[in-house]
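Heads up: the structure comes next, in structure tokens.
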Amino acid sequence: MRIENVSKTYGSGRTATSALDQVSLTVRHGEFVCLLGASGCGKSTLLSMIAGLDTPTSGAIDTCSARVGLVFQDPALFPWLTVAGNIAVALRAAGVPKAARAQRITELLRIVRLEGSGDRRPHQLSGGMRQRAAIARALAQDSEILLLDEPFAALDAMTRDLLHDELERIWRERALSTVFVTHNVREAVRLGDRVILLSSRPGRVIEEYEVPLARPRRIDSPEVAVLAAHITDRLRAEVGRYGRG
């Protein structure tokens, strides 16, 4: 996936707001990239444009015709449908024949480790299980690029840690090119092959950090903490320039 000189401006004239400015980024096949930056720096806007839900004001995004799945912070499951029903909606949208849907649903529930929960409704699931269901729905489109917008922000620390393991497993098994937005620096180092730091609004790429740590990683490991502290110092300096986080 290639992002070339992408800018996004909302409105026009004196009321125009620039969200992103000349952002360029390449995500290699099977790479896990984490986006960090102050609130309002355009991280979610960039994901929306990669997913095709919005368009750049200038520049270009090339996903090389890969199928794209998007997971939001809120699982956004249809409350009147079961887990299987929510996944079936995505399968229908992807053109999967009705006769093949039941098998695909079973496979996807296995991938996210929700076997036996297909007939439950979202209110009957824990927060972590709802996010697993949302990931299964994104994968239902045979996604080759997976976009995640702070999917674990509302979860408790233990559930989040377990889902880090699950997401890493799914990413490995399916060789997904992944872009993960987070405000949690340690989470970014725990998961990413690279961490991309955006400036305060308008968002620009100001630093790229390779994560040379062997997998699997622990979010509380000393090695993760050292790199996270270095990135945090740079992020604080950037936020301090504008007085917002």
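In table form, for the structure just shown:
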{"quantity": "Whichever residue in region 132-188 is in contact with a Leu (Cβ under 6 Å, 6 or more places away or on another chain) and charged (D, E, K, R) and, among such residues, is modelled with the lowest pLDDT", "calculated": "Arg132"}
{"quantity": "Enumeration of residues in region 152-169 that are touching a Ser or Thr at 6+ places or on another chain (Cβ under 9 Å) and either of a type in the set (Lys, Arg) or crowded, with 19+ Cβ neighbours inside 10 Å (or both)", "calculated": "Phe152, Leu167"}
{"quantity": "Contacts under 6 angstrom Cβ, first residue in region 45-69 being in the same structural domain as Ala175 (by TED's automatic domain parsing), partner of a type in the set (Lys, Arg) and surrounded by fewer than 19 Cβ atoms within 10 Å (Cβ to Cβ), 6 or more apart", "calculated": "Asp62/Arg2"}
{"quantity": "Some residue of region 123-135 being in contact with a strand residue (DSSP E or B) (Cβ under 6 Å, 6 or more places away or on another chain) and buried (at least 22 other Cβ atoms within 10 Å of the Cβ)", "calculated": "yes"}
{"quantity": "Residue check, Ala88 in contact with a strand residue (DSSP E or B) (Cβ under 9 Å, 6 or more places away or on another chain), surrounded by 20 or more Cβ atoms within 10 Å (Cβ to Cβ), outside the structural domain of Ser7 (by TED's automatic domain parsing) and of a type in the set (A, V, I, L, M, F, W, C)", "calculated": "no"}
{"quantity": "Conditions (1) touching a Pro at 6+ places or on another chain (Cβ under 6 Å); (2) surrounded by fewer than 17 Cβ atoms within 10 Å (Cβ to Cβ): number failed by Val71", "calculated": "(2)"}
{"quantity": "Set Glu107, Glu115: member being without any contact (Cβ under 8 Å) to a residue 40 or more places away in the chain, loosely packed, with under 15 Cβ neighbours inside 10 Å and touching a helix residue (DSSP H, G or I) at 6+ places or on another chain (Cβ under 6 Å)", "calculated": "Glu115"}
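The values are calculated or read from the model by the stated rules, or taken from the named source; none is laboratory data. Because the structure is predicted, anything quoted here is derived from the model rather than measured. All Cβ positions, glycine included, derive from the backbone under ideal geometry; neighbour counts span all protein chains shown.
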